[in-house]
Amino acid sequence: MANIIKLDGELRTDFGKGAARQARRGGQIPAVIYGHGTDPVRVLLPVAATTLAVRGSNALLSIAVDGEETVTLVKDIQRHALRQTVDHLDLLIVKKGEKVIVEVSVLIQGELTAGTTLSLDHPSIAVEAEAVALPEHVVANIAGLQAGTQILASDLVLPEGTVLAVEGDVVVATVDAAIAEAEPEAESAASAE
């Protein structure tokens, strides 16, 4: 389950591209906090701590501004096109007990049967879970599966309190027969003729 990372922020009073650039030069990342019928709150967050906090998917951040803490879920990250640094964050307010839909990665467990390969159609899948207890991944077990087997969304192992947010018949992965390489003996016999 996801950890809630605490960050200290400060209210942003200047708006626009110039103010955002100046904030980034000063070691801060502009962000906006919204949701639950409240007016958007624009804040500045520390670059180093925030960049580390949003490395994983579905990061939960507790933002402290003027002594008031707000738990948020990272909904969007804007990155610099070349440097890939975090330029701006959109943060959605979440409450304990509230369910949200997020994309989580599919973790493959088990060994493939000899002579088979795995084709992963969906490396991540949408699930619904409690906002403050989001899973990091769901599990697809491939142990002993034969060629031609499809792993459906309904076959995934979900953590307790998590349900699929997609149809159960969505194909997540397929086990296929490995493509056999041409026999070297057959090639040499053909070239001798």
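The values are calculated or read from the model by the stated rules, or taken from the named source; none is laboratory data. Here the structure is a predicted model, which means the values were calculated and not measured. Cβ sites come from the backbone with ideal geometry, for glycine too, and all protein chains shown count toward neighbours. Areas reflect the complete protein model, heavy atoms only, side chains present, ligands, DNA and RNA absent. Shrake-Rupley method; radii C 1.70, N 1.55, O 1.52, S 1.80 Å.
Remarks
- The single condition among (1) open to solvent by 80 Å² or more (accessible area, probe 1.4 Å); (2) farther than 13 Å from T72 by Cα that K6 does not meet is (2).
- Any hit, region 21-33, residues being surrounded by fewer than 19 Cβ atoms within 10 Å (Cβ to Cβ) and within 30 Å of G148 (Cβ to Cβ): no
- Among the conditions (1) under 18 Å from the mean Cα position of the chain (by Cα); (2) open to solvent by 80 Å² or more (accessible area, probe 1.4 Å); (3) of a type in the set (S, T, Y), T13 misses just one, which is (1).
- Matching option when the condition is assigned to a loop (DSSP other than H, G, I, E, B), modelled with pLDDT of 85 or more and either among the acidic types (D, E) or open to solvent by 60 Å² or more (accessible area, probe 1.4 Å) (or both), among K95, K75: K95
- With respect to the stated conditions, L52 fails to be open to solvent by less than 20 Å² (accessible area, probe 1.4 Å) and either closer than 29 Å to I101 by Cβ or among the aromatic types (F, W, Y) (or both).
- Looking only at region 125-134, residues that are part of a loop (DSSP other than H, G, I, E, B) and either open to solvent by less than 10 Å² (accessible area, probe 1.4 Å) or without any contact (Cβ under 8 Å) to a residue 40 or more places away in the chain (or both) come to 2 in all.
- For region 98-112, the tally of residues that are surrounded by 15 or more Cβ atoms within 10 Å (Cβ to Cβ) and assigned to a loop (DSSP other than H, G, I, E, B) stands at 1.
- Of all residues in region 147-182, exactly one satisfies the criterion of being acidic (D, E) and assigned to a strand (DSSP E or B), namely D176.
Here is a yes/no grid of residues against (1) touching an Asp or Glu at 6+ places or on another chain (Cβ under 9 Å); (2) assigned to a loop (DSSP other than H, G, I, E, B); (3) among the acidic types (D, E):
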| residue | (1), (2), (3) |
| --- | --- |
| Q22 | yes, no, no |
| I29 | yes, no, no |
| V32 | yes, no, no |
| L52 | no, no, no |
| R55 | no, yes, no |
| S62 | yes, no, no |
| L82 | no, yes, no |
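- Answer from D66, D39 - the residue that is more than 30 Å from T149 (Cα to Cα), of a type in the set (D, E) and touching a residue at least 40 places away in the same chain (Cβ under 8 Å): D66
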